[in-house]
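**Q** One structure, pasted below without further comment.
The values are calculated or read from the model by the stated rules, or taken from the named source; none is laboratory data. This is a predicted model, so every value here is computed, not measured. Positions of Cβ are generated from backbone atoms using ideal geometry, with glycine treated the same way; all protein chains shown enter the neighbour counts.
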Amino acid sequence: MSQKNRKIGKQKVEKEKMVFGLNQKQRSRVYTILFFVVVAILFVINNSSDDIKQGPYPPNYKQSNEDLLNLSDLKGKVVLIDFWATWCAPCREGIPDLVMLKNEFKDKDVEIIGISVDALTRGGATAADVIPFMNAYKINYPILRGDGNVIDAFGGITTIPTSFLINKEGKVVAKYESVVSKQTYVDAINKVLINNYDVPNLGLTPSFTLPLIKSE
């Protein structure tokens, strides 16, 4: 091969090595920098959420913006809030009374709300039992999925069942720990309905918005 041909070949090789004005070594540096930039961006995106981690969701658990209950929407009603779990024997004992209370006061300004703490207790092992439990006990009032925020807002729930009776102005007028007889609830609710009760006011009810648990 002549010297001229060798020179032309060398020029072609040099041209092939240049991409966007960069040789292979320069391109490798650029690719490396781009790689770390992308990794850094993904890291920031994945760790920028302020959401609090919750317990595991049970199978068939459904939630949308329409499936949230805000306690403030019930202002003007007497509200009985019951913290419970499926594994709690006293809770299971008292829930049939709550079902009957819902039926008895369905035509009055009374609402009953159950807040399940299954996802927060026992490692969330019974979270999947909530929907079957609701069906088996024919629960006819809203069941909400509790979180750590609502537990703290109510001063910490140390035993279940724990229930709170709220008057129409949104103030806590009674707190019950352990099982309460149906008649105790009936008497208390009727007194609150006619604003004739002497139970010490325990302060405003903490506001909360929690997801409803619905069976299919």
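**Q** Scan the strands (runs of 3 or more DSSP E) fully inside the range 149-216 and keep the ones with 1 or more residues being within 12 Å of Val79 (Cβ to Cβ). So that I can check it myself, show each step before the final result.
**A** Details: elements: 162-166, 172-177, 209-211.
By residue number, 162-166, 172-177.
**Q** Then there's this: Looking at Val192, Val150, Val172, can you tell me which residue is out of contact with any Cys (no Cβ under 6 Å at 6 or more places or on another chain) and within 17 Å of Lys108 (Cβ to Cβ)? Let's see the steps before the verdict.
**A** Values: Val150 fails: within 17 Å of Lys108 (Cβ to Cβ); Val172 fails: within 17 Å of Lys108 (Cβ to Cβ).
Sole residue among the options that is out of contact with any Cys (no Cβ under 6 Å at 6 or more places or on another chain) and within 17 Å of Lys108 (Cβ to Cβ): Val192.
Condition check ((1) modelled with pLDDT under 95; (2) in a loop (DSSP other than H, G, I, E, B); (3) small (Gly, Ala, Ser); (4) out of contact with any Phe, Trp or Tyr (no Cβ under 8 Å at 6 or more places or on another chain)) across all residues:
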| site | (1), (2), (3), (4) |
| --- | --- |
| Tyr61 | yes, yes, no, yes |
| Pro90 | no, no, no, yes |
| Leu101 | no, no, no, no |
| Asp107 | yes, yes, no, yes |
| Ile112 | no, no, no, no |
| Leu144 | no, no, no, yes |
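**Q** Something else now. Restricting attention to the range 113-143, which residues are closer than 17 Å to Lys77 by Cβ, surrounded by fewer than 22 Cβ atoms within 10 Å (Cβ to Cβ) and not polar (S, T, N, Q)? First the steps, then the outcome.
**A** Taking the range 113-143 first, the residues closer than 17 Å to Lys77 by Cβ are 113-115, 140-142.
Restricting the remaining residues to those that are surrounded by fewer than 22 Cβ atoms within 10 Å (Cβ to Cβ) gives 140-142.
Across the range 113-143, the qualifying residues are Tyr141, Pro142.
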